[in-house]
Amino acid sequence: MAKRNQTIISEFLLLGLPMQPEHQNLFYALFLAMYVTTVLGNLLIMFLIRLDPHLHTPMYLFLSNLSFSDLCFSSVTMPKLLQNMKSHALSIPYAGCLAQMYFYLFFGVLESFLLVAMAYDRYVAICFPLHYAAIMSPRLCLSLLVLSWVLTTAHATLHTLLMARLSFCADNVIPHFFCDTSTLLKLSCSDTRVNGLVILFMGGLILVIPFLLIVMSYARIVSSILKVPSARGIHKAFSTCGSHLSMVSLFYGTIIGLYLCPSTNNSTVKETVMAVMYTVVTPMLNPFIYSLRNRDMKRALGRVFWKKKISFSLKQ
């Protein structure tokens, strides 16, 4: 029994992206540019929200946490992928694989909860504008953030501990560019029924329920918007929610397409492409969606820029 529970292999091999060798340098440059854009863009959003007092509101508090989550979510997988593409060092230690899986689950689920909090913020702002300040108090915002972090920590820890109890006896080749939970379960030579049941149950709690809460919030928002008599009010309300709806569509659209609409043909390629969408593309697009379509962010950028410029001129 002790021998069965012992992990025999000490490392895994990440096959990375399904690409031709002659395209390796092109894809390396592309993914490096995307990762640098993700890092700089999300750091810029956090920087602006931190410096501009006009953005010290519940919506931008959640947005700064979302940007931090996106930055970390992409950093969990991208550095290792870039290293593998450049040096062809495909191996990752067993402990490193579990750590990557933990943080992947942590920041992925954290983003799901933050999107729910942002949807609730927009619901209160549009449906109860006169009571917005009283409802979205600093205490409630802090409670929502703490609850999100606590729940994601518990979720990622549970899955990591369940994975750590499994044995991996022979096959250590992962046909992916990171240590995904479902891929690791396929390689295990232990009984994975408990892991499968927990994934099914927890998946409903941390993905389906948040998605339904967001849908319910926007159903109420749309109902409230249609009651606004002026076209200007309708346009303003839709523009306020447009950025958040874009992020929800990108994030949940790829996950639903991957896990709820499986296909038997080219499943490995499909899983890899969809994983790239929500681990690389979505975090990269977040700064563009919230900055290009948000007047407050543009004004904040202008205020910070001119403030720094004036300060520099006075020093000269």
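Could you check how many residues of segment 51-78 are more than 15 Å from PRO287 (Cβ to Cβ) and either of a type in the set (Lys, Arg) or without any contact (Cβ under 8 Å) to a residue 24 or more places away in the chain (or both)?
Summing the residues that are more than 15 Å from PRO287 (Cβ to Cβ) and either of a type in the set (Lys, Arg) or without any contact (Cβ under 8 Å) to a residue 24 or more places away in the chain (or both) in segment 51-78 gives 3.
Let me spell it out: the conditions are (1) among the hydrophobic types (A, V, I, L, M, F, W, C); (2) touching a residue at least 40 places away in the same chain (Cβ under 8 Å); (3) assigned to a loop (DSSP other than H, G, I, E, B), and LEU158 meets all of them except one. Which number is the exception?
Every condition holds for LEU158 apart from (3).
Quick one: count up the residues across segment 92-142 that are at pLDDT 90 or above, surrounded by fewer than 16 Cβ atoms within 10 Å (Cβ to Cβ) and outside any helix (DSSP H, G or I).
2
Pick from segment 248-274 the residues that are among the aliphatic types (A, V, I, L, M) and either farther than 15 Å from LEU207 by Cβ or not in a helix (DSSP H, G or I) (or both): which of them is modelled with the lowest pLDDT?
Pass one, segment 248-274, residues among the aliphatic types (A, V, I, L, M): 248, 250, 255-256, 258, 260, 269, 273-274.
Now drop any that are not either farther than 15 Å from LEU207 by Cβ or not in a helix (DSSP H, G or I) (or both), which leaves 269, 273.
Working: VAL269: 72, VAL273: 79.
Ranking the qualifying residues of segment 248-274, first place goes to VAL269.
Tell me which residues, restricted to segment 101-137, are of a type outside the set (A, V, I, L, M, F, W, C), more than 18 Å from PHE211 (Cα to Cα) and touching a Leu at 6+ places or on another chain (Cβ under 9 Å).
Quick first cut of segment 101-137, residues of a type outside the set (A, V, I, L, M, F, W, C) only: 102, 104, 108, 111-112, 120-123, 129, 131-132, 137.
Still in the running and more than 18 Å from PHE211 (Cα to Cα): 102, 104, 129, 131-132, 137.
Result: no residue meets the conditions.
Can you say whether SER87 is surrounded by 22 or more Cβ atoms within 10 Å (Cβ to Cβ) and among the polar types (S, T, N, Q), as far as the supplied structure shows? It would help to see each step written out before you state the result.
On the way: surrounded by 22 or more Cβ atoms within 10 Å (Cβ to Cβ): no; among the polar types (S, T, N, Q): yes.
In short, no.
Considering every residue within segment 211-228, establish whether at least one is free of Cβ contacts under 8 Å to residues at least 60 places away in the same chain and either in contact with an Asp or Glu (Cβ under 6 Å, 6 or more places away or on another chain) or under 22 Å from GLN100 (Cβ atoms) (or both).
The answer is no; no qualifying residue exists.
What's the number of the only condition in (1) under 16 Å from the mean Cα position of the chain (by Cα); (2) closer than 20 Å to GLY203 by Cα that MET118 fails to meet?
The one condition MET118 does not meet is (2).
Would you check which residues across segment 79-90 are among the hydrophobic types (A, V, I, L, M, F, W, C) and in contact (Cβ under 8 Å) with a residue 12 or more places away in the chain and list them?
The initial filter retains those residues of segment 79-90 that are among the hydrophobic types (A, V, I, L, M, F, W, C), namely 81-82, 85, 89-90.
Scanning segment 79-90 gives LEU81, LEU82, MET85, LEU90.
If only one of LEU71, LEU30, LEU82, LEU44 is surrounded by fewer than 20 Cβ atoms within 10 Å (Cβ to Cβ), in contact with a Pro (Cβ under 9 Å, 6 or more places away or on another chain) and not hydroxyl-bearing (Ser, Thr, Tyr), which one is it?
Working: LEU71 fails: surrounded by fewer than 20 Cβ atoms within 10 Å (Cβ to Cβ); LEU30 fails: in contact with a Pro (Cβ under 9 Å, 6 or more places away or on another chain); LEU82 fails: in contact with a Pro (Cβ under 9 Å, 6 or more places away or on another chain).
Answer to the selection: LEU44.
Which condition breaks for SER224 when tested against (1) surrounded by 13 or more Cβ atoms within 10 Å (Cβ to Cβ); (2) in a loop (DSSP other than H, G, I, E, B)?
For SER224, the exception is condition (2).
Kindly provide the set of residues from segment 167-192 that are assigned to a helix (DSSP H, G or I) and among the aliphatic types (A, V, I, L, M), ordered by number.
Our first condition is that a residue be assigned to a helix (DSSP H, G or I); within segment 167-192, this holds for 181-187.
Of everything in segment 167-192, those that are assigned to a helix (DSSP H, G or I) and among the aliphatic types (A, V, I, L, M) turn out to be LEU184, LEU185, LEU187.
The values are calculated or read from the model by the stated rules, or taken from the named source; none is laboratory data. None of these values were measured; they are calculated from a predicted model. Cβ sites come from the backbone with ideal geometry, for glycine too, and all protein chains shown count toward neighbours.
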